[in-house]
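A.B. asks: Below is the structure I would like to discuss, written out as structure tokens.
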Amino acid sequence: MADGVTDSEGKYMIKVDGEHDDEIYESVLVSSSESVSATPLTGRDRSRVVLSHANDVVSNKRIANNLGLRRVTAMDGCSEIMREY
């Protein structure tokens, strides 16, 4: 298991050395340092990344999908935007 902490832009990097065959890295949202974000969104609380080099991916860089937290209170203008959808 490896722990990562996001930077001021919400980005993180975890270095993985060597070949990992069929291993899968799962990024899991634990908490937020911002008090306005309290609860991880269901379905946006984790992301899986295949670590193997034997999957035709040319780059050594792997990118996890975005993770998300539900805000305690809605942002200004949010209800107007949501009505459009």
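A.B. asks: Could you tell me whether region 53-64 includes any residue that is surrounded by 13 or more Cβ atoms within 10 Å (Cβ to Cβ) and part of a strand (DSSP E or B)?
C.D. replies: no
A.B. asks: All but one of (1) in contact with a strand residue (DSSP E or B) (Cβ under 9 Å, 6 or more places away or on another chain); (2) part of a loop (DSSP other than H, G, I, E, B); (3) more than 15 Å from ALA64 (Cβ to Cβ); (4) in contact (Cβ under 8 Å) with a residue 12 or more places away in the chain hold for THR39; which doesn't?
C.D. replies: (2)
A.B. asks: Further, regarding this structure: Take ARG48 and tell me if it is of a type outside the set (Ser, Thr, Tyr), surrounded by 10 or more Cβ atoms within 10 Å (Cβ to Cβ), assigned to a loop (DSSP other than H, G, I, E, B) and touching a residue at least 12 places away in the same chain (Cβ under 8 Å). Steps first, answer last, please.
C.D. replies: Working: of a type outside the set (Ser, Thr, Tyr): yes; surrounded by 10 or more Cβ atoms within 10 Å (Cβ to Cβ): yes; assigned to a loop (DSSP other than H, G, I, E, B): no; touching a residue at least 12 places away in the same chain (Cβ under 8 Å): yes.
Taking the combined requirement at face value, the residue does not satisfy it.
A.B. asks: Can you tell me which residues in region 27-36 are closer than 29 Å to ASP17 by Cβ and part of a loop (DSSP other than H, G, I, E, B)?
C.D. replies: Going through region 27-36, the residues closer than 29 Å to ASP17 by Cβ turn out to be 27-31, 33.
The answer is LEU29, VAL30, SER31, SER33.
A.B. asks: Next question. Which is exposed (fewer than 11 other Cβ atoms within 10 Å of the Cβ), of a type outside the set (S, T, N, Q) and within 19 Å of VAL5 (Cα to Cα), of GLU26, GLU19? If you could, list the steps in order and put the result at the bottom.
C.D. replies: On the way: GLU19 fails: within 19 Å of VAL5 (Cα to Cα).
So the residue among GLU26, GLU19 that is exposed (fewer than 11 other Cβ atoms within 10 Å of the Cβ), of a type outside the set (S, T, N, Q) and within 19 Å of VAL5 (Cα to Cα) is GLU26.
A.B. asks: For region 1-36, name all the residues that are touching a residue at least 40 places away in the same chain (Cβ under 8 Å) and under 21 Å from VAL57 (Cα atoms). Reasoning before the result, please.
C.D. replies: Taking region 1-36 first, the residues touching a residue at least 40 places away in the same chain (Cβ under 8 Å) are 27, 29.
Of everything in region 1-36, just one residue is touching a residue at least 40 places away in the same chain (Cβ under 8 Å) and under 21 Å from VAL57 (Cα atoms), namely SER27.
A.B. asks: Follow-up. Across region 29-85, what is the total count of residues that are of a type in the set (Lys, Arg) and touching a Gly at 6+ places or on another chain (Cβ under 7 Å)?
C.D. replies: Just the residues of region 29-85 that are of a type in the set (Lys, Arg), to begin with: 44, 46, 48, 61-62, 70-71, 83.
From the residues that got through so far, the ones that are touching a Gly at 6+ places or on another chain (Cβ under 7 Å) too are 44.
Count: 1.
Every read-out reported here was derived from the displayed coordinates using simple, explicitly stated rules and does not represent laboratory data. Keep in mind it's a predicted model, so treat the numbers as computed, not measured. Every residue, glycine among them, receives a Cβ derived from its backbone with ideal geometry; neighbour counts consider all protein chains shown.
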